[in-house]
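What follows is a single structure, written as structure tokens, with notes after it.
Coordinate-derived values only; no laboratory data. In this text the structure is predicted, and so the values were computed from the model without any measurement. All Cβ positions, even for glycine, are placed from backbone atoms using ideal geometry, and neighbour counts span all protein chains on display.
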Amino acid sequence: MTIEALQLPDYAKDLRLNLSSLAAETALTDQQRWGTFLATALASRNAEVTAQLAEEAARHLSPDAQTAAKTAAALMAMTNVYYRFLHLASDAEYRSLPAKLRMNALAKPGVDKVDFELWSLAVSAVNGCGMCIDAHEQTLRQHGVSRETIQAVIRIAAVVHAVAATLDGETALAQGQAEAA
């Protein structure tokens, strides 16, 4: 992984160390690991994090797996907002209405269903959708996925999100200092 290219500040040394250790996480297959990095980088919305992790993920993933990880990020960007609304809205009647949102890729993601579900879970964690987290975690457990495997993708999601937030914060600080000068 091109961790050095991310240029994390010294105060974020733990994030750099966590990225390194997660890049070698043994609870996941290479495809699961690098698909999680790619999907959560996209969910982070930070251009630098996305570019660096996408470049590294491309070394480990087939084109189909790259597309599936991107699809998971795209679909969860939509469904996480919708289902978070359903969860938070006081009017329970919304939950009885059909979603009317296309999600065909969920049925045929182009990779193993478990891998796609892991990526969807990780992105749902980044986006903070409790209903989606519960649904994906339950599906994974029904497929026999261990809690340690699930925890591993959530750890990746947490660290990638923290790296993106840190770099976004550093950019904002630099812009503020430039404007003040």
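Toward the positive end of the charge dipole of the range 57-181, about the Cα centre and with charges on Cβ (Lys, Arg +1; Asp, Glu -1), which of Trp119, Ala174, Cys129 goes farthest?
Trp119
Based solely on its DSSP helices, what 222 nm [θ] is calculated for the chain when runs of n ≥ 4 H residues each add -39,500 (n - 2.57) and the sum is averaged over all residues, nearest 500 deg cm²/dmol?
Helix contribution divided over all residues of the chain: -23500 deg cm²/dmol.
Could you size up the charge dipole of the range 1-131 around its Cα centre, putting +1 on the beta carbon of Lys and Arg and -1 on that of Asp and Glu, and report it in debye to the nearest 20? All intermediate terms of the calculation are to be shown ahead of the outcome.
On the way: 12 positive and 14 negative charges, 92 e Å.
Around 440 debye, computed over the range 1-131.
To the nearest 20 debye, what charge dipole does the range 91-153 have about its Cα centre, counting +1 at the Cβ of each Lys and Arg and -1 at the Cβ of each Asp and Glu?
Here the size comes out at about 220 debye.
With only Lys, Arg, Asp and Glu charged, each at its Cβ (+1 for the first two, -1 for the last two), find how big the charge dipole of the range 30-75 is about the Cα centre; round to the nearest 20 debye. Please list the in-between numbers first.
Numbers: 4 positive and 5 negative charges, 24 e Å.
So the dipole magnitude of the range 30-75 works out to roughly 120 debye.
In nm, to one decimal, how far is the modelled label at Ala58 from the one at Ser146, with both set 7 Å along Cα→Cβ?
3.4
How many nm is it between the label spots at Glu93 and Ala172, if each spot is 7 Å from the Cα in line with the beta carbon?
3.9
If packing is taken as the mean number of other Cβ atoms within 10 Å per residue, what is the order of 38-46, 163-171, 84-92, highest first?
38-46, 163-171, 84-92
Ala181 to Leu17: FRET efficiency via 1/(1 + (r/R0)^6), r the Cβ-Cβ distance, R0 41 Å, to the nearest 0.05?
Working: r = 33 Å, r/R0 = 0.81.
For R0 = 41 Å, the calculated efficiency reads 0.80.
Can you bin the chain into rounded, prolate or oblate? Criterion: square roots of the alpha carbon gyration tensor eigenvalues sorted a ≥ b ≥ c, rounded for a/c under 1.5, prolate for a/b above b/c, oblate for the rest.
Working: a/c = 1.97, a/b = 1.31, b/c = 1.50.
The shape class here is oblate.
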